[in-house]
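Asker: Quick one: the structure is below, and I'll ask about it shortly.
All of the numbers you see were taken from the coordinates with simple rules; none came from a lab. These numbers were taken from a predicted model, which means no experiment stands behind them. FYI the Cβ positions are ideal-geometry reconstructions off the backbone, even for glycines, and counts take in every protein chain you see.
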Amino acid sequence: MHILDDLAFRGLVHQATDLEGLREQLNKGTVKLYAGFDPTAESLHIGHLLPVLTLRRFQQAGHVPFALVGGATGMIGDPTGRSEERPYNTHEMVEQWTNSIRGQLSRFLDFDHPERAARVFNNFDWFRSINVIEFLRDTGIRFTVNYMLAKETVQSRLPLGISFSEMSYMLLQAYDFRFLHERHGCSLQIGGSDQWGNITAGLELISRKDGGDAFGLTMPLIMKSDGTKFGKTAGGAIWLDPDKTSPFRFHQFWLQTDDADVIRFIKYFTFLSKEEIERLEQAVRTAPERREAQTMLAREVTLLVHGEEALSGAIQVS
Ligand SMILES: N[C@@H](Cc1ccc(O)cc1)C(=O)O
């Protein structure tokens, strides 16, 4: 199945800048794509899994994934979806978290592939040597304040005020996209639906400067059918770090998925085939009490994140 058809089947396409153009590009050959992750804590959580696994899907389909860890952007903080300014973390903290997140990402992508090896970047590597005059003359000049004010993130913060630093976040992310496009041939950025404004800011910069082909694709915000937030439990977030959320608790979390959500989550978070998923869908309908789909979901995601040994440990305890 074509990667874009697979993503559509899984309900993973929320918005895209030019799907037909992107399809053409993907058909022509290897596409390099990236997703970025800010080190705002020592570990990724399951909210990050969707972009990570989507990178993996692209790699399996013959493309080259780049994972960017925001050692620089993490020093400012993405205002997207936040109702107030973020407190700053120290440089030491951000650096430490950048390293642990880099390690976590490596489990999901193939870094040794002979032709399509994945890569990890840290945007601090390029931002550390850019000075403010250069940045304003080269990047700031490409955006009108009017354009920035029109972004949803900024709009929603206007009543209470938003700092110049947080408002500039979109320019940092835009700069990354252009940098990876120019230096490393990256032509697609993917992210959660809330990243649309930042991704399109990058496209703005790329097309104004060199007219290159570049695309943006976002994934849906994960909602539970009962209206509560996905991934948040009474005990807090579900982390990928086994020291913060044990493989047992991780496995249990997925086992408790509602019948109404389980097939959607299987599509998002597992690599099971369309046929297998359709069979499980049937099973939820005809024999929900067996919880076959939940068992499968918990098994597959725990295996992906924690590996075989941790999975058998988690199953034995339960
Ligand atoms: N802004 C993204 C992270 C990110 C950082 C830098 C980028 O170039 C891309 C994405 C987020 O908060 O999820």
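Asker: Using θ = phi - 60° and the Karplus form 6.51 cos²θ - 1.76 cosθ + 1.60, what ³J(HN,Hα) does each residue of the range 164-174 get, whole Hz, x for Gly and Pro?
Answerer: 4, 4, 5, 5, 6, 3, 4, 6, 5, 5, 5
Asker: Separate question: Please determine, in degrees from 0 to 90 and to the nearest 10, the orientation of helix 292-317 with respect to the longest principal axis defined by the Cα atoms of the chain, where the helix direction is its Cα long axis.
Answerer: Rounded to the nearest ten degrees, it is 80.
Asker: In nm, to one decimal, how far is the modelled label at Glu92 from the one at Val317, with both set 7 Å along Cα→Cβ?
Answerer: 3.2 nm
Asker: Using the Karplus equation 6.51 cos²θ - 1.76 cosθ + 1.60 (θ = phi - 60°), what ³J(HN,Hα) coupling, rounded to whole Hz, does each residue of the range 6-14 give in order, writing x for Gly and Pro?
Answerer: 5, 4, 5, 4, 7, x, 9, 9, 9
Asker: Just the number: Rg to Rh for the chain, Cα atoms, Kirkwood Rh, two decimals.
Answerer: 0.97
Asker: Which residues' amide hydrogens lie under 5 Å from the amide hydrogen of Ala72, considering only partners 5 or more residues apart or on another chain, with H built in the peptide plane?
Answerer: Result for Ala72 returns Asn123, Phe124.
Asker: Which ³J(HN,Hα) values in Hz, rounded to whole numbers, follow from the phi angles of the range 255-270 under the Karplus curve 6.51 cos²θ - 1.76 cosθ + 1.60, where θ = phi - 60° and Gly and Pro get x?
Answerer: 4, 7, 4, 5, 4, 5, 10, 5, 5, 4, 5, 4, 5, 5, 10, 10
Asker: Could you state the angle between the C-alpha long axis of helix 49-60 and the longest principal axis of the C-alpha atoms of the chain, as a value from 0 to 90 degrees rounded to the nearest 10?
Answerer: It works out to around 90 degrees.
Asker: Let me ask something else about it. Measure off 7 Å from each Cα along the Cα-to-Cβ vector at Leu160 and Glu276, then give the distance between these two points in nanometres to one decimal.
Answerer: Between Leu160 and Glu276, the simple spin-label model gives 4.4 nm.
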